[in-house]
Amino acid sequence: MKILAITNQKGGVGKTTTSVNLAASLASIGQSVLLIDLDPQGNASTGCGVDKAHLKYSIYHVLIGEKSLSEVVISSEKSGFDIAPSNRDLAGAEVELVNELARETRLKLAIKELSKSYDYILLDCPPALNLVTVNALTAATAVMIPMQCEYYALEGLSDLVNTIKKVRAHLNPVLEIEGLLRTLFDNRNMLATQVSDQLLSHFGDKVYNTVIPRNIRLAEAPSYGLPVLIYDKSSKGAVAYLELAHEIIKRGLNVAEKIKVSLNTS
């Protein structure tokens, strides 16, 4: 099972869009997927057709210890995957957990009960480097960083990388950055192309080959409570997220093969 934290403290870079559409794309090619909405705005929940205003229980109740993760999971039948939803209640978790013991590991412990139930667990993180994000990074096996190819994106990236290093040093030694995902990309924009080239130069194969284009269908789909793959599977956005799903699976197979070779030669 891979637990992928999809995070960037900068808002509006496509974290939630990526979380929902990657979950749907992985599910469409035969993977069992759980999406955990860790943003109090609950946009991932809405994007999967969940009525966040009338939730009885959410991921908030899991983090404060009132419910198990399995008790809050909802099946998103149209989308083909499960979701642990969120709403504005989650904003209170930050305050309620601040004096609790092992507060950074609440999500990690909650996920353990479902460790054999899914191939992928995707964590849609809030646009902040707060305690909920630290919980996600502590629980994750890898990090995906969606980012727009613009000037300010590079400034924020260093802060996030430093946070990941601290979490790896103190809470989660296996945590790795799996990849940087270029989102909302317009190849007609010279600055976007220049920033993309800089990312490739500095991070090499840590940058996904797949590029997510700026696409109107991607923007429209959440208002219908659907991933773009269900809303318009022929759109450029849907095709791009399917490519990303295949790339992630291929990367996982390549890593597994390298480990196997290493074990056989040691």
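What to note about this one:
- Sub-6 Å Cβ pairs linking a first residue in the stretch 10-38 that is over 13 Å from residue 248 (Cβ atoms) to a second residue that is of a type in the set (Asp, Glu) and open to solvent by 10 Å² or more (accessible area, probe 1.4 Å), at least 6 apart or interchain, are 32/119; 34/82, ordered by first then second residue.
- Residue satisfying condition, being free of Cβ contacts under 8 Å to residues at least 60 places away in the same chain and under 26 Å from residue 226 (Cβ atoms), within set 151, 118, 60: 60
- Each residue in the stretch 1-27 was checked for being at pLDDT below 95 and open to solvent by less than 10 Å² (accessible area, probe 1.4 Å), and 1 of them qualify.
- Every pair of residues 6+ apart whose Cβ atoms lie under 8 Å, when the first sits in the stretch 173-196 and is in contact (Cβ under 8 Å) with a residue 24 or more places away in the chain while the second is open to solvent by 90 Å² or more (accessible area, probe 1.4 Å): 184/214; 185/214; 186/214; 191/151; 193/187; 195/151
- Scanning the stretch 225-252 for residues that are without any contact (Cβ under 8 Å) to a residue 24 or more places away in the chain and part of a helix (DSSP H, G or I) yields 231, 236, 239, 250.
- When the residues of the stretch 67-82 are filtered to those that are assigned to a loop (DSSP other than H, G, I, E, B) and modelled with pLDDT under 95, the one that is surrounded by the fewest Cβ atoms within 10 Å (Cβ to Cβ) is 77.
- Of the residues making up the stretch 32-66, those that are outside any helix (DSSP H, G or I) and not charged (D, E, K, R) number 17.
- Search result, residues across the stretch 74-117 that are within 24 Å of residue 242 (Cα to Cα) and aliphatic (A, V, I, L, M): 74, 83, 84
- The single residue among 215, 135, 187, 172 that is over 19 Å from residue 7 (Cβ atoms) and surrounded by 15 or more Cβ atoms within 10 Å (Cβ to Cβ) turns out to be 215.
- Residue 192 falls short of the stated requirement of being open to solvent by less than 20 Å² (accessible area, probe 1.4 Å) and at pLDDT 95 or above.
- Cβ-Cβ distances below 7 Å connect the following pairs, each with a first residue in the stretch 157-172 that is within 13 Å of residue 145 (Cα to Cα), a second residue that is assigned to a helix (DSSP H, G or I), and a separation of six or more residues or different chains: 164/137.
The values are calculated or read from the model by the stated rules, or taken from the named source; none is laboratory data. Because the structure is predicted, anything quoted here is derived from the model rather than measured. As a convention, Cβ positions derive from the backbone with ideal geometry for all residues, glycine included, and neighbour counts pool all protein chains shown. Ligands, DNA and RNA are stripped out before the accessible areas are found, and what is left, the full protein with its side chains, is counted by its heavy atoms. Shrake-Rupley method; radii C 1.70, N 1.55, O 1.52, S 1.80 Å.
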